[in-house]
Amino acid sequence: MTLAATLAAQESAQESAQESEQAPAPAVAPPPLVQVENLRVRIKTPDVDVTLLHGLNFSLNQGEVLCLVGESGSGKSITVRSLLRLLPPGAIVEGSIIVDGIDILALKPAQLRAVRGPLIAIAFQEPATSFDPAFTIGYQIAETVRAHEQVSWADATRRAQDLLELVQVPSAKRRLDAYPHELSGGLRQRAMIALALSCRPKLLIADEPTTALDATVQIQVLLLLRELQRELGMATVFVTHDVGVACEIADQVAVMYSGRFVEMGPIERIIDAPRHPYTAGLLGSVVTPDVPGARLEPIPGAPPDPTALPPGCSFEPRCRVARPACAQAMPAFTQIAPLHQVRCVLAASGAAMGDIEK
Ligand SMILES: Nc1ncnc2c1ncn2[C@@H]1O[C@H](COP(=O)(O)OP(=O)(O)OP(=O)(O)O)[C@@H](O)[C@H]1O
Ligand code: SF4
Ligand SMILES: [Mg+2]
């Protein structure tokens, strides 16, 4: 290198060093805790060959709550169970599921068992699926703690009691010795949440955890879940068919229909300005206590059989504002605002649902 070139290189290095001293490096946002890309699930057995999820994409940050909303059979449980690979026999999963940097679909069975609990935990709709009727609640929570952490029985039992207190089970010490059938539905549900929290998961999945409860207990458990989620900073994927429940707990909402997301966005936008006719239909069929006497508008018809989906938009046979184009091809998922995406040919028009229906 000539002297001039050397000096020029030194000058340029000096300048860039000065620049980097002057301008602080831009803050790099941490990657999302959960990153799901093009998730597809197909069930293939000698008796059945059906695709249940058709390429889902979503991400979730630490401390955020995503609610999956949709009618029965839309694929909500299959979606959340995919995150733990708790799928029916014959399931073929494609795409990518990364949780806290771990590639869930690449894990071997022993590795998968190790992440169930401390990384991802699930609370089911029916506590009977979580608790063994032959053992006490305290034993089962303590046993789960000991399966993942090197602690004594005494310490694990103390943790079980702390957890029952955390989920506001009255007389927690005494309930440690109760069998699942000795608790009321609401207390069993709280104990199941304690079990799910026992290994301090980073991601909590709650698959309709309040559906089997009566309305008063349901709201108590929901408020408790929201409080715990904030206190513990967990990311949560919450499944419900009830938009009212989603309003209580969600940051983001993904509306599911026939194994696809049809609308996704922040809860306020989904409630105030739904842009997919199915979302509008779900909202129209919810009782609103603020508007006494308001008429409920059920969505006509039923979701299609997943083995015989229509060629175009899956909602087309039930859609009140369908156009001829809707039956031709499945609309793409279109970004209509930051974080708000919709899968409908009308979404690009920018019209609100009310205008479309006139
Ligand atoms: N093992 C299986 N073989 C074939 N189809 C299945 C299997 N398990 C589920 N399905 C189908 O997958 C679809 C989605 O089921 P999923 O349980 O995810 O629905 P969901 O949205 O959770 O409904 P719900 O609100 O009733 O719990 C349904 O049509 C269901 O019949
Ligand atoms: S694409 Fe067409 S049929 Fe589907 S929801 Fe939109 S308007 Fe209705
Ligand atoms: Mg389900």
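Read-outs throughout are calculated quantities, based only on the coordinates presented, and are distinct from any laboratory measurement. Since this is a predicted model, take the numbers as computed values, not measurements. Glycine gets a Cβ as well: all are built from the backbone with ideal geometry, and neighbour counts include every protein chain shown.
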(request) Describe numerically, in nm with one decimal, the distance between label points set 7 Å from Cα along Cα→Cβ at residue 154 and at residue 329. (result) 7.0
(message) Would the chain count as rounded, prolate or oblate if I go by the C-alpha gyration tensor, calling it rounded below 1.5 in a/c and otherwise prolate when a/b exceeds b/c, oblate otherwise?
(response) oblate
(request) Would you mind calculating the gained length between residue 29 and residue 49 on full extension (0.36 nm times residue separation, minus the Cα-Cα distance), in nm to one decimal? (result) 3.1 nm
(request) Would you compute, from DSSP H runs of 4+ residues alone, the mean residue ellipticity of the chain at 222 nm, taking -39500 (n - 2.57) per run and dividing by the full residue count, rounded to the nearest 500? (result) -10000 deg cm²/dmol
(request) Order the peptides 148-158, 270-280 from the highest to the lowest mean number of other Cβ atoms within 10 Å of their residues. (result) 270-280, 148-158
(request) Select from 194, 110, 156 the residue farthest towards the positive end of the dipole of the range 85-202; place +1 on Cβ of Lys and Arg, -1 on Cβ of Asp and Glu, and compute about the Cα centre. (result) 156
(request) With a point put 7 Å past each Cα toward its Cβ, work out how far residue 216 is from residue 87 in nm, to one decimal. (result) 4.3
(request) Starting from the Cα gyration tensor of the range 48-94, take the square roots of the eigenvalues, sort them a ≥ b ≥ c, and report rounded, prolate or oblate (rounded when a/c is under 1.5, otherwise prolate if a/b is larger than b/c, else oblate). (result) prolate
(message) Explain nothing, just compute: Karplus ³J(HN,Hα) = 6.51 cos²θ - 1.76 cosθ + 1.60, θ = phi - 60°, for every residue of the range 136-141 in order, whole Hz, x for Gly and Pro.
(response) 6, 4, x, 4, 5, 5
(request) Assign unit charges at the C-beta atoms only (+1 for Lys and Arg, -1 for Asp and Glu), then state the dipole size of the chain relative to its Cα centre in Debye, rounded to the nearest 20. (result) 800
(request) Apply the Karplus parameterisation 6.51 cos²θ - 1.76 cosθ + 1.60, with θ equal to phi minus 60°, to every residue of the range 266-274 and state each ³J(HN,Hα) to the nearest whole Hz, in sequence, with x for glycine and proline. (result) x, 4, 4, 5, 5, 6, 7, 9, x
(request) Would you mind putting 299-308, 312-321 in packing order, based on average other-beta-carbon counts within 10 Å, highest first? (result) 312-321, 299-308
(request) Give me 216, 136, 211 ranked fewest to most by other Cβ atoms within 10 Å of their Cβ, as a rough exposure proxy. (result) 216, 211, 136
